[in-house]
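As C-alpha cells, the structure follows; a few thoughts come after it.
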Amino acid sequence: MESPKSADPQTTGPSGAGPSSAGASSTGPTSKAPGLGGRCAVVSALVEDRPDLLSQTVSLLRRRNFTTDSVTVGKTDEPHIARLTVTLEDQPTEAQRLARELKRLMYVIRVEDLTWKPAVLRELVLIKVRVDPASRAQVAQLCEVFRGRIVDVAQETVIVETTGDAEKIAGFLEVLRPFGIAEMARTGPVALGRANQVLQGDGKESSWLQRRRLKDAQQAS
Amino acid sequence: MSRTGAQLIWECLEREGVDLVFGYPGGAILPAYDALTEYPGIHHVLTRHEQGATHMADGYARASGKVGVAIATSGPGATNLVTGLGTAMLDSVPMVCITGQVPTTALGGDAFQEIDIVGISESVTKHNYLVREVDELPFVLKEAFHVARSGRPGPVLVDIPKDVQLASTEEQWPELQLRLPGEVDLDLDSKLLDQARDLIGAADRPVILAGHGILLSGAEAQVKKLAETCDIPVSLTLLGKGAFPEQHPLCLGMMGMHGTAASNQAIQEADLLIALGMRFDDRVTGNLATYSPHSKKIHVDIDAAEIGKNVAVDVGLVGDLAPVLVRLLEELPSKGHGAWRAQIGMWHQDADERDILRRARRGPTLMAAEVMDALWRFTGGDVINVTDVGQHQMWEAQYFPHQRPGTLFTSGGMGTMGYAVPAAIGVKLARPEEEVWAIVGDGGFQMTMCELATAVQEGVAINIAIVNNGYLGMVRQWQELFYDERYNQTPMLAPDFCRIATAFGIPSMRVSRRDQLEATIQEAQAHRQGPVLVEMVVEQHDAVFPMVPAGADLDAMIRRPRPDFEQA
C-alpha cells in the first residue's frame, strides 16, 4: 500500500506509483488506504462556468443542510467548463447525498464522488511567517523538507507557499508555528481521480453554453 | 426584424403556447405591459396581489398540465411571489414567473424598488435567471419553459431589468436542442426491474404508496393494473388523491398524519412497500426510525435525489413512472393476497365504527366532516375541489373520495394558507367546463380574499365554501392535544362573510343546519355566471382524527374516542 503523499506528482509522475518521499515521512503515519481514505467527503463535478454557478451551489449546500468545509471552482482547459470541488470535513457518509443533490443543479454536467476512490487532493497555502535574520534560514530549511517555497521576503516576515493535503499542511503549520504565523490564506482543496478515469460530459448543454459557443464561433470567423 | 426585449417576452409566451397569464403591473415591468397590447392572443388576468397571481398560475398549471405564468414588477412585486414559488416548488408545479427589475445600470445600488429576487428565490425555484442583455432573452426564456416542465416539474423565475426590456435586438429564436446537464437519463437497468418483480412476487403483505408523481406522469392506468394484477392495496398521499379511484376495493385511503387507520396499520405491518412518485415526507412517515419496520422497499421517482433521501430502499428506480410501470408489468405474474386483504378489512371496520359521521347526525351543530360528506353526495362527487390548508383540508381528504385524476388541488408540501381561492380561479380558467369548489377555512379565506375581485372581474364561476369554525382550527387542535389547551391566538374574529361577498357583488348564503345543506349546495351550483360564496358554520371544537402526532410512530395514532363526541 502506498500513502497518498508518496504519490505526489512532483516526485512520482502522474501514474502515482513511485516510492515514498522524505516530505511524506515527516508529516505523520502513512498507513492510509490508497486514495483519500474517506476522512472527509470529497465530491468533484464538471460544471458549466456560469456567472451564477457559485451562488447557486452555495445556496444548495445551505438549504440542503450540509456543513461545508470548502467549495472551490476553477476553469478547465475546455472553454466555459469549470471544475467544482466540495469537501465536507469528517462527513464521508454525506458524500453520496451531496453528489445526488449536486446533480440536480442544471449546470452540473457530471459528478464524481472521490471520497473512497484513488485520488489526488491538494490545497495551496500561503503562510506569512515572522522571521528575524537568524530564524529566516531555519524557515528556509523547513521549506525544503516540506517542499514549500519562499515567495516573498521582507524585513520581519516571509511568505511561504506550499501545496499538499490537509495532513501535510497541518504538519507544516505545526513546525512553523513557533516562529509566529502572522497571517495565512488557503485555497481549499481541489482533487482529481487517479489514473485513466476521466470525468467527461455527455453532450448535454444549457442554452447559456450553446450561446457562448455560437459567440466564440462568430468571433473566430 | 428588430424587436424589443418587451416584445420578445410575449413572443416567447406565444411560441410556448401560452394564452393566459396572471400578473400585476408596476414601474420596472411597464415596458412589457406596454407591449402586451400588440399580442391579442394572450389574455392577462389582473390579480389583486402578486401572491394571488402565483397561486392562480399554479392552479392553472396543475389543472391544465401546461406551464403557468405569473408576472410582477420589481421589489415588493417580486417578493410577493415568493410564497407562491415555494408552494409550486414543494408540489412540483411547472411555472414561469417573470419579474421586472431596475435597469442594469442601477443594479446593486439600492435603487427604488430594487430587490435581489434572484438571490431571494434561489431556494424556491428549480432555476432562476437574471437577464443582463437583450440578446440573451430568447435563449433564457426558451430554456425557462423547458426547465419548468421537464423532469420533475417546478417553478422558474426570470428577472428582466427595465433597460433589457427596452433594448432592441436582431436576435432570432434559437434552434436549441435542449437537453440540459442536470437532466436524468431515463434508461432503466433491467436488472433492477427484475429485482423489483422478485420482491413483488415474494411479498405476502404488499402496499402501494401512490403519490403525486402518478398524476404528473399520467400513470394512473398502469398503477391500477399493477394493483389489480397482484392484488395489492393502495394507500394515497394527499397529492396522490385521484391517482387511484378511492372507491376501488383495493384503496386504503390517505396515509400519514391524518391518514386512515387502515392505511397506516397496513404500512406498518407490510412486508413490501411500492412507493410510486412519492417522497416519504415527514407527514407521511412519522418517526422514520420505526417506519414500516418489516418491509422491503421499492421506490420509483423521476428525481434521483429522492431515492434514499428519507427512507433507505431496496430497489430504487429513477424514471418517468408510466413507462417504468409499463416495463415492470411486462413480465409480472398475477397474484392474490386474500389473508392480507381480510386483515385490512378488519382495520377498516374498526375505523368505521369510530367514524364521526355515524354519530354526528344526532347533535345540534354541523360537523365539518358532514359538510364534506354533503358536498360529496349533493354534488354527485364528480367535481373539482381546491382546498386550502388546515382541518378542512384534512376533512376533505378523509370524507370526499376522488374517483378520477385531477379532481383535487391543494398545497401539500408547503401548506400555504390562502392558496384555495386564487388557485381555484386558475383551475376554473384551465377547465371551464368543470364545476370547481374552493373549500377554505375562515382563516385562510381572510388571507387572500382580495382575489374575489379578480374572480368577479374575470367572471370566473367558482363555488367558494368557507368552513367557518371561528378558529385557526388545526393550530387549535395542536394546542388542545399538545399545549394543555392553551388556545393562544387561535380564536379568530371573522367579518360577516356574506356581507363581504355582497360588497364584491357575489351572491352568498350561510348554512348552519344539516337539513339545509342539500338545498344550499344546490342553490350554489345553480349560479354559473360568476363566483358564489357559501359560508358553512360548523362545530368550533372538533378535531381531525385519526392523528399521528408529529414525529411519532405511525401506528401510535390518536383515534377518535369511542364515547360520544358530543358529550365532550
In this structure, does B:G154 turn out to be within 24 Å of B:D19 (Cα to Cα), at pLDDT 95 or above and more than 14 Å from chain A (Cβ to nearest Cβ)? no
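Just checking, does segment B:92-102 include any residue being touching a residue at least 24 places away in the same chain (Cβ under 8 Å), within 13 Å of chain A (Cβ to nearest Cβ) and not aromatic (F, W, Y)?
Within segment B:92-102, the subset touching a residue at least 24 places away in the same chain (Cβ under 8 Å) is B:92-102.
Subset that is within 13 Å of chain A (Cβ to nearest Cβ): B:92.
Narrowing the set further to residues that are not aromatic (F, W, Y) leaves B:92.
Yes: segment B:92-102 contains one or more residues that are touching a residue at least 24 places away in the same chain (Cβ under 8 Å), within 13 Å of chain A (Cβ to nearest Cβ) and not aromatic (F, W, Y).
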Can you name the condition, by its number, that A:L192 falls short on among (1) more than 26 Å from the chain's Cα centre (by Cα); (2) surrounded by 14 or more Cβ atoms within 10 Å (Cβ to Cβ); (3) in contact (Cβ under 8 Å) with a residue 40 or more places away in the chain? (1)
By my count, helices (runs of 4 or more DSSP H) wholly in segment B:160-260 with at least 1 residues that are more than 24 Å from the chain's Cα centre (by Cα) and closer than 30 Å to B:I115 by Cα are B:162-166
For segment B:165-188, which residues satisfy the criterion of being more than 14 Å from chain A (Cβ to nearest Cβ) and farther than 24 Å from A:M106 by Cβ? B:Q165, B:L166, B:A167, B:S168
B:T169 closer than 23 Å to B:M346 by Cα and polar (S, T, N, Q): no
Output the number of the condition that B:A461 fails; it satisfies all remaining conditions of (1) more than 30 Å from B:H43 (Cβ to Cβ); (2) hydrophobic (A, V, I, L, M, F, W, C); (3) not in a helix (DSSP H, G or I). (1)
Among the listed residues B:L141, B:L107, identify the single one that is more than 21 Å from the chain's Cα centre (by Cα), farther than 30 Å from B:I214 by Cβ, surrounded by fewer than 20 Cβ atoms within 10 Å (Cβ to Cβ) and in contact (Cβ under 8 Å) with a residue 24 or more places away in the chain. B:L107
Go through (1) within 28 Å of B:A219 (Cβ to Cβ); (2) without any contact (Cβ under 8 Å) to a residue 12 or more places away in the chain for B:M346 and report which single condition fails. (1)
If you take the residues in segment A:119-136 that are buried (at least 19 other Cβ atoms within 10 Å of the Cβ) and more than 19 Å from A:G188 (Cβ to Cβ), which one is farthest from the other protein chains (Cβ to nearest Cβ)? A:V131
In segment B:401-411, the residues that are crowded, with 24+ Cβ neighbours inside 10 Å and part of a loop (DSSP other than H, G, I, E, B): B:H402, B:S411
Could you please give the count of residues in segment B:189-222 that are surrounded by fewer than 20 Cβ atoms within 10 Å (Cβ to Cβ) and hydroxyl-bearing (S, T, Y)? 1
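Restricting attention to segment B:118-138, which residues are of a type in the set (A, V, I, L, M) and over 25 Å from the mean Cα position of the chain (by Cα)? Steps first, please.
First pass over segment B:118-138, keeping only residues of a type in the set (A, V, I, L, M): B:118, B:120, B:124, B:130-131, B:134, B:137.
If the condition is that a residue be of a type in the set (A, V, I, L, M) and over 25 Å from the mean Cα position of the chain (by Cα), then B:L130, B:V131, B:V134, B:L137 are the ones that fit.
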When B:E434 is run through (1) in contact with a strand residue (DSSP E or B) (Cβ under 9 Å, 6 or more places away or on another chain); (2) within 27 Å of B:N80 (Cα to Cα), the failure sits at (2)
From (1) among the small types (G, A, S); (2) crowded, with 20+ Cβ neighbours inside 10 Å; (3) more than 25 Å from B:W437 (Cβ to Cβ), pick out the condition that doesn't hold for B:A57. (3)
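Under the condition of being hydroxyl-bearing (S, T, Y) and surrounded by 22 or more Cβ atoms within 10 Å (Cβ to Cβ), which residue from segment B:223-242 is nearest to B:L273 (Cα to Cα)? Walk me through how you get there before you give the answer.
Start the filter on segment B:223-242 by keeping residues that are hydroxyl-bearing (S, T, Y), which leaves B:229, B:235, B:237.
Then drop every residue that is not surrounded by 22 or more Cβ atoms within 10 Å (Cβ to Cβ), which leaves B:235, B:237.
Working: B:S235: 10, B:T237: 13 Å.
Here the answer is B:S235.
Residues B:R197, B:R149: which one is closer than 30 Å to B:G345 by Cα, more than 9 Å from chain A (Cβ to nearest Cβ), of a type outside the set (A, V, I, L, M) and touching a residue at least 24 places away in the same chain (Cβ under 8 Å)?
Values: B:R149 fails: closer than 30 Å to B:G345 by Cα.
Of the residues listed, the single one that is closer than 30 Å to B:G345 by Cα, more than 9 Å from chain A (Cβ to nearest Cβ), of a type outside the set (A, V, I, L, M) and touching a residue at least 24 places away in the same chain (Cβ under 8 Å) is B:R197.
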Identify the residue in segment A:201-219 that is in contact with a Pro (Cβ under 9 Å, 6 or more places away or on another chain) and among the aliphatic types (A, V, I, L, M) and, among all such residues, is surrounded by the most Cβ atoms within 10 Å (Cβ to Cβ). A:L209
Give the residues of segment B:500-530 that are in contact with a strand residue (DSSP E or B) (Cβ under 8 Å, 6 or more places away or on another chain) and charged (D, E, K, R), sorted by residue number. B:R510, B:E523
Just checking: which of the strands (runs of 3 or more DSSP E) contained wholly in segment A:58-118 hold 1 or more residues that are surrounded by fewer than 19 Cβ atoms within 10 Å (Cβ to Cβ) and within 11 Å of another protein chain (Cβ to nearest Cβ)? A:81-88, A:108-113
Please find, within segment B:289-337, the residue that is nearest to the other protein chains (Cβ to nearest Cβ) out of those that are of a type in the set (D, E) and touching a residue at least 12 places away in the same chain (Cβ under 8 Å). B:D303
Those residues of segment B:547-556 which are surrounded by 18 or more Cβ atoms within 10 Å (Cβ to Cβ), within 22 Å of the chain's Cα centre (by Cα) and part of a loop (DSSP other than H, G, I, E, B), in sequence order: B:V548
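Just for helices (runs of 4 or more DSSP H) wholly inside segment B:334-399: which have at least 3 residues that are assigned by TED's automatic domain parsing to the domain that holds B:R513 and within 20 Å of B:T520 (Cα to Cα)?
Passing ranges, in order: B:368-379, B:391-399.
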Return yes when B:A266 is in a helix (DSSP H, G or I), under 26 Å from the mean Cα position of the chain (by Cα) and within 14 Å of chain A (Cβ to nearest Cβ) and no when it is not. no
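In segment A:24-53, how many are within 14 Å of chain B (Cβ to nearest Cβ) and either surrounded by 15 or more Cβ atoms within 10 Å (Cβ to Cβ) or at pLDDT below 65 (or both)?
Let us first name the residues in segment A:24-53 that are within 14 Å of chain B (Cβ to nearest Cβ), namely A:43, A:45-53.
Applying the additional criterion that residues be either surrounded by 15 or more Cβ atoms within 10 Å (Cβ to Cβ) or at pLDDT below 65 (or both) yields A:43, A:45-50, A:52-53.
The total comes to 9.
The values are calculated or read from the model by the stated rules, or taken from the named source; none is laboratory data. Since the structure is predicted, the reported quantities are computational estimates derived from the model, not experimental observations. We place every Cβ from the backbone using ideal geometry, glycine too, and count neighbours over all the protein chains shown.
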